[in-house]
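Notes follow once the structure below has been shown.
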Amino acid sequence: MFVLESVYAIVLLYLGLSVLFLAVFAVAGRFGGTDDVSPAITPATYRKIGVLIPAYKEDAVIIESVRTNLRQKYPTDRFELIVIADSIHPSVLAQLAELPIRVIPVSFETSTVSKAINAALAQIPAGQYDVLMVADADNHMATDFLSRINLAFEQGWQAVQGHRVAKNTNTSVAVLDAISEEINNHLFRQGSRALGLASSIIGSGMAFEPELMRAGMASLHTMGGYDKELEMNIVLAGRPIAYLADAYIYDEKVASKAVFENQRTRWIAAQWQFLAHYFRPGLRELSASRMMSGFKMIQAMVLPRVLLLGVLTLLSALSLLATQPFFQLAAPALLLTLCLSLAISVPNYLWKRLTVRELLVLPVLMLRFARAMLNMRKAFRRFMHTPHTGTPDVQLQPNKSA
C-alpha cells in the first residue's frame, strides 16, 4: 500500500506541476502580452516580404488561398507569394502559373514541411527579401496582415507570430479544435509575452528576418514538428519572438475525429522527438537562468491538455474510493484549477459556439488522443499529412476585445 501511495503521490506531483504551469500562463494572459502597434502609424519603409506557402497535395485549397492572399492592403510590388508545390496536380500547377506568384516545384521520397521550406530557401538568394513569412496552403491572411507584420519589424523585431484563428466551425470537432487553438494563443503566446518570455510559434502566420530563419532551419531533427525546433533555435540564439494579437490569419480546423487523431499523432511524435533532442540543452539554459529558452523545454514536458483533462477526470472519480483526505481532494482540486485556467483562456466569441453537443464529443476526443499516443511511432517513419477541404463555412470574426 505504501508503494502504491508513493507512486500515486509522484503522479499527482507531475500533474500538479503541469496544472500550475498552465494556470500561471492563463492568469498572465489576462494582463496583456501583445506586441501590436497602431496600424495608423506610417512605416518608414515597406519591406519586401516573401510569403512561403508549403503545399503538399493541396489541390483542393491552394488556388482559393492564393487568390485570397493576394488581396493585401500592402504595396503589390513589396510582397510575393511563393507556393512550394509538392505533389500538386499538373492542371492545378497550370492555374497557379497564371497568377502573379512564384511557384517552386519540389519532390521528395518522404515529404515534410521542413524539407519543402529548406528547398525553397536554397533557391532564394540572400537579400532578395527583407522578411520571410510562412503560411499554410489553406490559410487566409486578413487584408492588413502583412502591414502589421511590417510595422512589427519597423519596431525592431526579427521574429513574429501572428494570431491564427479558425476559418471554420462546421462540426463539433472543429469547434473544439478552434477553442484549443485560442487557448494556445492565450497561454503560450499572450501569456508568454506578458511574463517577458518569447511567444511560441505555430507553423504558420509567422515571419522572420531571412538569415535568422535560415540559421534556425539549418539543422532539424523531428519529422513533423519543425516549428518547435525553429522556435527553440531562435530563442537559443537569444532572439525574442513577438506576438501580434491583431494580425489575423485564418486556418482550417480539423472537422472529423479521424483527422483529429491523425494530426495529434503527428504532434505527439514531434513533441517526443523535440524532448529527446533538446532536454539537455533546455536544462543547461535553465541552470544558466536563461528562462526564455529554458521555459520552452518545460512547456514541452507539460502533459497535453486533452490528456490532462482525461487523466484528472479519471483520478477524480477514483478519489471517491480513497480513505485519506489528501488523496480524496488532490485530483478534484487539480481538475477544478485546470478547468478554471482553460475557461479564462477561451475568448468570448468561441463561448457562443460551445454547446452540449461539443461537450459530449470531448470524451471521445480524449480517447482518440490516448490512441494517438499509442500510435505515435507511425509519425517517426513518415509525415502524416493533414488534408484540407476548403472553406466549409464563413470565417469567424474574433472580437479584439474578447
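The values are calculated or read from the model by the stated rules, or taken from the named source; none is laboratory data. Note that the coordinates shown come from a computational prediction; the quantities given were computed from them, not determined experimentally. Heads up, the Cβs are rebuilt from the backbone with ideal geometry, glycines too, and the neighbour counts pull from every protein chain shown.
Within the stretch 264-285, residues that are free of Cβ contacts under 8 Å to residues at least 12 places away in the same chain and surrounded by fewer than 21 Cβ atoms within 10 Å (Cβ to Cβ) sit with their Cβ atoms under 9 Å from residues that are in a helix (DSSP H, G or I) and not polar (S, T, N, Q), at 6+ positions apart or across chains, in these pairs: 284/294.
Whenever a residue of the stretch 311-330 is surrounded by fewer than 18 Cβ atoms within 10 Å (Cβ to Cβ), its partners that are among the aliphatic types (A, V, I, L, M) and not in a helix (DSSP H, G or I), lying with C-beta atoms within less than 6 angstrom and at least six residues away or across chains, give the pairs 328/322. Exactly one residue out of 132, 146 is farther than 26 Å from residue 57 by Cβ and buried (at least 23 other Cβ atoms within 10 Å of the Cβ), and it is 146. Listed by first and then second residue, the pairs linking a residue in the stretch 11-26 that is of a type in the set (S, T, N, Q) to a residue that is not in a helix (DSSP H, G or I), with Cβ atoms under 6 Å apart and 6 or more places separating them unless they lie on different chains, are 18/302; 18/303.
Of all positions in the stretch 369-381, none carries a residue that is surrounded by fewer than 16 Cβ atoms within 10 Å (Cβ to Cβ), part of a helix (DSSP H, G or I) and modelled with pLDDT of 85 or more. Being among the aliphatic types (A, V, I, L, M), farther than 15 Å from residue 219 by Cα and either buried (at least 17 other Cβ atoms within 10 Å of the Cβ) or modelled with pLDDT of 95 or more (or both) is the filter here; which residues of the stretch 111-129 pass it? 120, 124, listed by residue number. Every residue in the stretch 334-361 that is within 24 Å of residue 24 (Cα to Cα) and surrounded by 15 or more Cβ atoms within 10 Å (Cβ to Cβ), please. Selection gives 334, 335, 337, 338, 341, 342, 345, 346, 347, 349, 350. Any residue that is within 30 Å of residue 186 (Cα to Cα), assigned to a loop (DSSP other than H, G, I, E, B), among the β-branched types (Val, Ile, Thr) and within 25 Å of the chain's Cα centre (by Cα) - is there at least one of those in the stretch 104-115? Checking the stretch 104-115: at least one residue is within 30 Å of residue 186 (Cα to Cα), assigned to a loop (DSSP other than H, G, I, E, B), among the β-branched types (Val, Ile, Thr) and within 25 Å of the chain's Cα centre (by Cα).
Within the stretch 81-100, restricting attention to residues that are surrounded by 17 or more Cβ atoms within 10 Å (Cβ to Cβ) and under 26 Å from the mean Cα position of the chain (by Cα), the residue that is farthest from residue 216 (Cα to Cα) is 88.
Taking the criterion of being in contact with a helix residue (DSSP H, G or I) (Cβ under 7 Å, 6 or more places away or on another chain), over 25 Å from residue 226 (Cα atoms) and either modelled with pLDDT of 95 or more or small (Gly, Ala, Ser) (or both), the only residue of the stretch 136-177 that qualifies is 172.
For the stretch 288-304, which positions are within 27 Å of residue 4 (Cβ to Cβ) and touching a Leu at 6+ places or on another chain (Cβ under 8 Å)?
First, the residues of the stretch 288-304 that are within 27 Å of residue 4 (Cβ to Cβ): 301-304.
Within the stretch 288-304, 301, 302, 303 qualify.
Assess whether residue 246 counts as being within 18 Å of the chain's Cα centre (by Cα) and closer than 28 Å to residue 111 by Cβ. It is false that residue 246 is within 18 Å of the chain's Cα centre (by Cα) and closer than 28 Å to residue 111 by Cβ.
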